[in-house]
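Have a look at the structure below, then the notes.
The values are calculated or read from the model by the stated rules, or taken from the named source; none is laboratory data. Here the structure is a predicted model, which is why all the values come from computation and not from measurement. Please note: Cβ atoms are built from the backbone with ideal geometry, for glycine as well, and neighbour counts cover all protein chains shown. For the accessible areas, the whole protein counts, side chains as well, though only heavy atoms, and no ligand, DNA or RNA atoms are used. Shrake-Rupley method; radii C 1.70, N 1.55, O 1.52, S 1.80 Å.
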Amino acid sequence: MDIKCQNVDFGNSIFQTLVDGYYFEIPTNVVEITKDKADGHFPSSLHDPQFLLQSLLISTTIDGVEKYYLVGDSAEKQVLGNIHINKLHDKTESEIPYVMFLTSVAYYNVLKGNGKEDRRVNINYFSTMLPIWLLKKTNKFSEMQNKMASRFEGEHQVTILTPGLERVVTIYVETSKCRIESEVARWAIKKDFDLQDREEANSFQNFETLIVDLGGGTVDLALLQAGLQAPKSRESLNCFADISYLKHIEKLRSEKLLEYFDDVRSLEEFIINNIEKTKMEQRDGNSGKKVDLTEQIHESLREYTQILITKIENTFPSPKDKIYKYVYIGGIARILKRFIQELIDTRYGVEIREENHLFLPDTRKLNLYGLEIISRHETNVVFA
């Protein structure tokens with residue numbers, strides 16, 4: 001199997017990828033288990049590749065040791081499934097991104113390959129990105145970017161252990177690149193997938209733009225020059241690691257919603273599925289009784305938003321002779337949209353908010369789309 005291009009966003013909550021233009025995502029849950037547990041984990045076999053995404057069990061060799069992992073939905077109910085939210089992990093060294101990469105390619109091979117005989121995957125061009133907090137640990141961003149890119153170059157091997165769909169997949173990556181998270185999203189605002197200029201980008205022509213990348217673990221900030229040009233220096237890039245959204249809602253769960261949600265992932269999914277509804281109601285599966293959780297959740301999200309916006313304004317105060325445009329992107333942008341808009345309306349008025357505080361379509365995918373656009377430019381590949 002030949003893959004011309006794979007682009008990956010190793011999100012703290014959701015792993016997203018485009019493989020030759022085909023999009024899919026996997027919850028960022030990785031749990032290592034023993035070989036004995038792996039052997040008996042699934043009681044029955046799967047035969048439809050479409051269901052593999054919910055039943056991912058793999059093994060691979062890391063540092064000379066064979067390791068076994070539940071990944072994605074199949075790891076969600078494990079005790080350690082969401083332990084990674086409690087700390088920032090170095091994606092250049094953590095096993096989590098590497099396991100997610102292997103799993104994604106193995107899944108794609110099962111889904112799109114020509115049966116079990118098609119077990120070698122050649123990836124011509126692979127790209128991903130690193131968050132600003134990690135890049136700032138080195139004197140040169142390129143040092144960390146090269147370290148990340150090198151993790152994926154060359155040959156890898158992964159075994160799918162899900163009963164009925166077992167296979168050993170060998171992966172070879174020819175070229176691997178690593179970009180700057182948040183900064184890379186500017187290309188998704190400037191260009192479409194056919195590498196044509198977007199008309200919407202004209203409104204940024206005379207304004208510096210602050211990209212606010214709202215992730216589950218961190219908030220990244222990239223101050224772009226007028227016309228969505230690259231940041232002037234490393235001082236134009238910043239990150240908040242002390243106001244993790246996932247930690248915030250875990251605190252909400254443990255203090256006020258413990259009886260309704262067993263773990264932070266279930267609360268996160270409830271918020272995602274209900275945030276745009278008038279009422280955020282949970283239905284008891286047995287009695288059918290509904291519990292209205294709107295007030296507790298909205299109050300918590302408003303509190304988080306006030307902290308967030310205040311920190312942003314203190315980090316990049318708008319000069320008196322300039323107006324910044326703010327573009328909110330990332331996995332948490334849709335969740336916080338109404339609360340950010342409410343706060344901006346209160347502080348500065350509706351007109352300022354509508355002109356300068358923007359939520360674009362596909363906001364949580366803009367980093368990934370930026371990678372896709374750069375990769376198509378560099379490889380001269382356009383997918384149908």
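A few comments on the model shown:
- For segment 50-88, the set of residues classified as surrounded by fewer than 17 Cβ atoms within 10 Å (Cβ to Cβ) and either modelled with pLDDT under 80 or closer than 16 Å to Asn109 by Cβ (or both) consists of Gln50, Phe51, Lys77, Gln78, Val79, Leu80, Ile83, Asn86, Lys87, listed by residue number.
- Residues that are open to solvent by 60 Å² or more (accessible area, probe 1.4 Å) and part of a helix (DSSP H, G or I) within segment 307-319 comprise Ile307, Asn314, listed in sequence order.
- Residue within segment 338-346 that is within 14 Å of Ala185 (Cβ to Cβ) and either buried (at least 16 other Cβ atoms within 10 Å of the Cβ) or out of contact with any Cys (no Cβ under 8 Å at 6 or more places or on another chain) (or both) present: no
- The single residue among Ser55, Ser59, Ser44 that is within 25 Å of Phe270 (Cβ to Cβ) and touching a residue at least 24 places away in the same chain (Cβ under 8 Å) turns out to be Ser55.
- Subset tally (residues that are in contact (Cβ under 8 Å) with a residue 60 or more places away in the chain and open to solvent by 50 Å² or more (accessible area, probe 1.4 Å)) for segment 365-384: 4
- Within segment 227-247, the residues that satisfy the criterion of being in contact with a Phe, Trp or Tyr (Cβ under 8 Å, 6 or more places away or on another chain), more than 27 Å from Asp197 (Cα to Cα) and surrounded by 18 or more Cβ atoms within 10 Å (Cβ to Cβ) are Asn238, Cys239, Tyr245.
- Among (1) within 20 Å of Ser94 (Cβ to Cβ); (2) more than 21 Å from the chain's Cα centre (by Cα) - the single one Lys37 does not satisfy: (1)
- Taking the criterion of being modelled with pLDDT under 95 and touching a Pro at 6+ places or on another chain (Cβ under 9 Å), the residues of segment 209-219 that qualify are Gly215, Gly217, Thr218.
- Yes/no for Leu195 being buried (at least 22 other Cβ atoms within 10 Å of the Cβ), hydrophobic (A, V, I, L, M, F, W, C) and over 16 Å from the mean Cα position of the chain (by Cα): no
- Exactly one residue out of Gly154, Gly216 is of a type outside the set (D, E, K, R), touching a Gly at 6+ places or on another chain (Cβ under 7 Å) and within 23 Å of Val99 (Cα to Cα), and it is Gly216.
- Scanning segment 116-143 for residues that are among the polar types (S, T, N, Q) and in a loop (DSSP other than H, G, I, E, B), we see that the one that is surrounded by the most Cβ atoms within 10 Å (Cβ to Cβ) is Thr138.
- Looking only at residues of segment 252-306 that are assigned to a helix (DSSP H, G or I), of a type in the set (Val, Ile, Thr) and without any contact (Cβ under 8 Å) to a residue 40 or more places away in the chain, we find that the one that is surrounded by the most Cβ atoms within 10 Å (Cβ to Cβ) is Thr305.
- Evaluation of Arg186 against the conditions (1) touching a residue at least 40 places away in the same chain (Cβ under 8 Å); (2) surrounded by fewer than 22 Cβ atoms within 10 Å (Cβ to Cβ) shows that the sole unmet condition is (2).
- Of the residues making up segment 208-251, those that are without any contact (Cβ under 8 Å) to a residue 60 or more places away in the chain and not charged (D, E, K, R) number 12.
- Within segment 186-233, being of a type in the set (S, T, N, Q), out of contact with any Cys (no Cβ under 6 Å at 6 or more places or on another chain) and part of a loop (DSSP other than H, G, I, E, B) holds for Gln196, Gln205, Asn206, Ser233.
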